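Before any comments, here is the structure.
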Amino acid sequence: MRGILGRVSAALTLAEALEVVRADPSRSAILLDVDGTLAPIVRHADDAHVPEVTRTELIAVSRRYALVACVSGRRAAIARRAAANSGADGSRNAPCQKPVSFTGM
């Protein structure tokens, strides 16, 4: 089978298939879907949020890889808000120190 990363054996495990990405994070991108992957699907966009445990992992991934992007069918501002963390004062903090790109409609 021919994959975007070159020749890929159908017998490879996911970890084996991703080894080339993990081996050189400075030249790798991680693209993640917001709705239904990072955040549970909700009826009203304002109710969407990325659970704290997922947000913590997103922060770790964004520090390791050259580019981390979150993709959503919702507006980018809504997806960004879903990944933000509400502080005790009600302020919104970015999900990580290095910017995560958000792409939406």
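Observations, loosely collected:
- Spin-label model, VAL53 to ALA84: label points 7 Å out along the Cα-to-beta-carbon direction sit 2.6 nm apart.
- Extension reserve of the ALA15-ARG43 stretch, reckoned as 0.36 nm per residue once the Cα distance is removed: 6.7 nm
- For CYS70, the residues whose modelled amide H falls within less than 5 Å of its own, excluding neighbours fewer than 5 places apart on the same chain, are LEU32, SER101, PHE102, THR103.
- Most tightly packed first, judged by the mean number of other beta-carbon atoms within 10 Å of their residues, the peptides 24-33, 48-57, 74-83, 61-70 read 74-83, 61-70, 48-57, 24-33.
- Taking 7 Å steps out from each Cα toward its Cβ at ALA23 and ALA77 produces label points 4.4 nm apart.
Rule-based calculations on the coordinates, nothing more; no lab input. In this text, all values refer to a predicted model and were calculated from it rather than measured experimentally. Don't worry about glycine lacking a Cβ; one is built from the backbone with ideal geometry, like all the others, and counts go over all protein chains shown.
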